[in-house]
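Report on the following structure.
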Amino acid sequence: MVDITVKDFRGSYFPYEGAAIKDYFEMLKPLAPDLIFTHCRHDLHQDHRVVHELTWNTFRDHLILEYEIPKFDGDLGTPNVFVTLSREQLRQKIEILLDCFPSQRSRQWFTRETFEALARLRGIECNAPEGFAEAFFARKLRLAIP
């Protein structure tokens, strides 16, 4: 079962609503997720930065993978974790992105071609079998060796 909650914090004002957002993050602690995805540390967007900081502040003992978002700021980096994608998985991912983020559709960079290009570059970096990959930053990674 998937349970998705969408909150109504005011966009572009996250730095000023930090206390309310922090309270919400603290309510999430009992969920104890196995894996958390958040914006990458060097994301220049103010709302993304706040979410990233609160993620690391709230979930100190969890596996956190930071994702990158291509955008006007040009703040892509050098990721160190790759997940290879088949052409079909990439197609599905792009369809989901285009469908789930209607507020971004007017952005010049928010296109199928952008997402394909980034996946192709990440696929080259990790020598992906079908040439495509999703990339993440893992700042801390704890391995349990049996």
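Close contacts from region 1-13, counting a first residue that is of a type outside the set (Ser, Thr, Tyr) and a second that is in a loop (DSSP other than H, G, I, E, B) and surrounded by 10 or more Cβ atoms within 10 Å (Cβ to Cβ), with Cβ to Cβ under 9 Å and a gap of 6+ residues or different chains, come to PHE9/GLU17; ARG10/GLU17.
Would you be able to say whether some residue in region 37-58 is under 25 Å from GLU116 (Cβ atoms) and β-branched (Val, Ile, Thr)?
We begin by selecting, within region 37-58, every residue under 25 Å from GLU116 (Cβ atoms); these are 37-40, 42-45, 48.
Restricting the remaining residues to those that are β-branched (Val, Ile, Thr) gives 38.
The answer is yes, given that some residue of region 37-58 is under 25 Å from GLU116 (Cβ atoms) and β-branched (Val, Ile, Thr).
Of all residues in region 6-48, those that are under 19 Å from SER103 (Cα atoms), charged (D, E, K, R) and under 18 Å from the mean Cα position of the chain (by Cα) total 3.
Taking each residue of region 86-110 that is over 13 Å from GLU134 (Cα atoms) and looking for partners that are assigned to a loop (DSSP other than H, G, I, E, B) and among the basic types (Lys, Arg) with beta-carbon atoms closer than 8 Å, six or more apart or interchain, yields LEU98/ARG105; ARG107/LYS71; TRP109/LYS71. Scanning region 124-139 for residues that are in contact with a helix residue (DSSP H, G or I) (Cβ under 9 Å, 6 or more places away or on another chain) and not in a loop (DSSP other than H, G, I, E, B) turns up PHE132, ALA133, GLU134, ALA135. If the condition is being over 16 Å from the mean Cα position of the chain (by Cα) and either among the small types (Gly, Ala, Ser) or under 23 Å from TRP56 (Cα atoms) (or both), then region 74-114 contributes SER86, SER103, SER106. Do any strands (runs of 3 or more DSSP E) lying entirely in region 1-119 carry at least 1 residues that are buried (at least 16 other Cβ atoms within 10 Å of the Cβ), at pLDDT below 95 and not hydroxyl-bearing (Ser, Thr, Tyr), and which ones are they? Strands (runs of 3 or more DSSP E) meeting the threshold: 35-39.
The values are calculated or read from the model by the stated rules, or taken from the named source; none is laboratory data. In this text, all values refer to a predicted model and were calculated from it rather than measured experimentally. Please note: Cβ atoms are built from the backbone with ideal geometry, for glycine as well, and neighbour counts cover all protein chains shown.
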